[in-house]
1. Could you tell me which residue of the range 299-310 is nearest to Ile273 (Cα to Cα), considering only residues that are surrounded by 15 or more Cβ atoms within 10 Å (Cβ to Cβ) and within 22 Å of the chain's Cα centre (by Cα)?
2. Condition check: hydroxyl-bearing (Ser, Thr, Tyr), touching a Leu at 6+ places or on another chain (Cβ under 7 Å) and not assigned by TED's automatic domain parsing to the domain that holds Thr285. Does Thr409 satisfy that?
3. Which one of these is modelled with pLDDT of 95 or more and crowded, with 24+ Cβ neighbours inside 10 Å: Thr45, Thr82?
4. Taking the range 337-362 as the search range and keeping residues that are surrounded by fewer than 18 Cβ atoms within 10 Å (Cβ to Cβ), of a type outside the set (A, V, I, L, M, F, W, C) and modelled with pLDDT of 95 or more, which one is farthest from Leu4 (Cα to Cα)?
5. Could you list, in sequence order, all residues of the range 13-52 that are free of Cβ contacts under 8 Å to residues at least 40 places away in the same chain and closer than 20 Å to Ala292 by Cα?
6. Mind listing whichever residues of the range 119-153 are within 20 Å of the chain's Cα centre (by Cα) and not in a loop (DSSP other than H, G, I, E, B)?
7. Which pairs turn up if I take residues in the range 222-241 that are of a type in the set (S, T, N, Q) and look for partners that are at pLDDT below 85 with beta carbon separation below 8 Å, at least 6 apart in sequence or on another chain?
Amino acid sequence: MKNLAPKLSLKEYENNFAELHPPFTPLTAKAEAERCLYCYDSPCTKSCPTHIDIPAFIKKISTDNLLGSAKTILDSNWVALTCAKACPVEVLCEGACVYNDKGEKPIEIGRLQRYAMDNYFRNSSPNIFTFSKKKNKSVGIIGSGPAGLACSAELTLLGYDVIIYEANKIPGGLNTWGIAPYKTRRQDSLKEIKLIKSLGVKIKTGIKVGETVSVEDIIKKHDAVFLGVGLGKSSELEIPGEELKGVYNAINFIEKVKSENWNSVKVGKRVAIIGAGNTSIDAATEAKRLGAEQVYIIYRRDTSQMSAYDFEFLLAKKDEILFYFNSAPKKIVGKKYVEGIECIKTKLISKGLKDKPKLTVIPKSEFIIPVDMVIKAIGQKSHNNFLNSIKELKMRDGKVVVNKKNYQTGNAKVFAGGDCINGGKEVVNAAYDGKMAAHGIDEYLSN
């Protein structure tokens, strides 16, 4: 990279990456819990992908039964602390709160969940779980992200021996490596991993399936296998100049930021992010908080087509990120280093009410934005090479095909959940998949 942003002081970095939502105090948590109407039909519970009994855990906070509150939460969600901080509650549980219909502020369910879980971990994660009789059968879990962790924890309670195979040296997948630090810190994920290991789950790190060990060997070794591998590397732009120094993919950039070794992360003075999803917003706001003077998000469609949530969009605008909508990257400019990005204006042509608008370029509308760094955030590819080696496993549109009732793949011995089956949803969706797949595995092995 030719032009680097100036380094900040440690205090400045910490301030820039401070939590967006600070924790409740005991007094404010109880006051907020007592606002809850404990609705009989619980629209908040229905809108939570893991279906936590939200009125029940909030009621227990109001009566100072914090251990009971944590138990209620963990019965549904094994990565509840991460979800409490990183879930898009505005469009899930809090978005369904009946107070919205009254024009009042919804119950801060995420912060209340965090309050209960913070208390649980602060008190050394007491054993509040019931274990079934040992079944003398084992399950191999590939990937230690939220889906793999949830599946392994649930299977252990059901009486199975579980081994997780993880490629990274530090487990946790997306929770450890891929969520912006101002949402949740790495130590939150590590607390959840420690809890799950305390149940008896074994985690083998540095194991790259397909390299360190073959997938066939894992399938032979265990009575069943769960795939929780998430997604692979970022998709390519496939435009000239992509090989220049200063071009990065969003996943690698976010991983470096997540290490919290702020000084070691290189960032340009002027940074362009390609794409307008939630990952794009994370990369853009992180670059800005690392000291970039100006950050641009470039998206070929308009605001109505962007996949980022509204609150993420507002966060980026609050951080003074500039948006170039209806702008498609055409070429990255530079000789050896990135010096700019050439884009062309686009427009959407509607074919009809049911059809997705067609994207077309506007001739002779090219323009160049001077930048020192380009970050690609246009989606991720699945681990096709690894997955395609599994006999009878079926893929569709880059995703593993499963029976949604039990999460079983075309190979009866192999189950899957999380990003590899849904293409990249939320942590909470992966946690639900992992838990339900565990029960699908239990049913399969019991029969």
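The values are calculated or read from the model by the stated rules, or taken from the named source; none is laboratory data. For clarity, every value in this text was computed on a predicted model and none was experimentally measured. Glycine also receives a Cβ, built like all others from the backbone with ideal geometry; neighbour counts cover every protein chain displayed.
1. Across the range 299-310, the extreme among qualifying residues is Tyr299.
2. Details: hydroxyl-bearing (Ser, Thr, Tyr): yes; touching a Leu at 6+ places or on another chain (Cβ under 7 Å): yes; not assigned by TED's automatic domain parsing to the domain that holds Thr285: yes.
Yes: the conditions hold for Thr409.
3. Numbers: Thr45 fails: crowded, with 24+ Cβ neighbours inside 10 Å.
After ruling out the rest, the residue left standing is Thr82.
4. To start, the set of residues in the range 337-362 that are surrounded by fewer than 18 Cβ atoms within 10 Å (Cβ to Cβ) comprises 337, 342, 345, 347-362.
Among the residues that remain, those that are also of a type outside the set (A, V, I, L, M, F, W, C) are: 337, 342, 345, 347, 350-352, 354-358, 360.
Of the ones still in play, those that are also modelled with pLDDT of 95 or more are 337, 342, 345.
Values: Tyr337: 12, Glu342: 21, Lys345: 28 Å.
So, considering only residues that are surrounded by fewer than 18 Cβ atoms within 10 Å (Cβ to Cβ), of a type outside the set (A, V, I, L, M, F, W, C) and modelled with pLDDT of 95 or more, the one farthest from Leu4 (Cα to Cα) is Lys345.
5. The answer is Glu14, Asn15.
6. Residues satisfying the conditions are Ile141, Ile142, Pro146, Ala147, Gly148, Leu149, Ala150, Cys151, Ser152, Ala153.
7. Hits for this filter: Ser234/Gly379; Ser234/Gln380; Ser234/Lys381; Ser235/Gly379; Ser235/Gln380; Ser235/Lys381.
To keep it simple, each residue is scored yes or no on (1) buried (at least 23 other Cβ atoms within 10 Å of the Cβ); (2) of a type in the set (Phe, Trp, Tyr); (3) at negative phi; (4) touching a helix residue (DSSP H, G or I) at 6+ places or on another chain (Cβ under 6 Å).
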| site | (1), (2), (3), (4) |
| --- | --- |
| Tyr99 | no, yes, yes, no |
| Thr130 | no, no, yes, no |
| Lys135 | no, no, yes, no |
| Gly148 | yes, no, yes, no |
| Gly159 | no, no, no, no |
| Asn168 | no, no, yes, no |
